[in-house]
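What follows draws every value from the coordinates through simple rules; no lab data is involved. Note that the coordinates shown come from a computational prediction; the quantities given were computed from them, not determined experimentally. Note that each Cβ is placed from the backbone with ideal geometry, even for glycine, and that neighbours are counted across all protein chains shown.
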Ligand code: SF4
């Protein structure tokens, strides 16, 4: 099991609750979840927002709002390929 610091734990809890609330799941592969959570947490530490770890950050706040996890692309990706781009969330 990966060790999570405070921010990582916060984002992990958020992701778990958000998945429950929106009817999807966290990926059953814990390594993928840990990697995505750590990436999002790093962005949170660096940029102050939980930006996706597998999408490009433009540094334009307006544009980057779309990639705050859960990003605006998630529902379409879940529908089309059963997982979001980072595979943190699955159907
Ligand atoms: S692809 Fe979207 S939903 Fe998936 S981890 Fe990245 S921001 Fe979150």
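Based on DSSP H runs of at least 4 residues, each adding -39500 (n - 2.57), what is the mean residue ellipticity at 222 nm of the chain after dividing by all its residues, to the nearest 500 deg cm²/dmol?
Dividing the helical sum by the residues of the chain leaves -16000 deg cm²/dmol.
Which order do peptides 46-53, 12-19 fall in by mean Cβ count within 10 Å, highest first?
Highest to lowest by the protection proxy: 46-53, 12-19.
Could you please rank 65, 74, placing first whichever residue has the fewest other Cβ atoms within 10 Å of its Cβ?
So the residues, fewest neighbours to most, are 65, 74.
Given points 7 Å out from each Cα along the Cα-Cβ axis, report the residue 80 to residue 16 separation in nanometres with one decimal.
Between residue 80 and residue 16, the label points sit 3.1 nm apart.
Please report the Cα spread of region 23-90 along all three principal axes, rounded to whole Å, starting with the longest.
Sorted largest first, the three principal extents are 30, 23, 18 Å.
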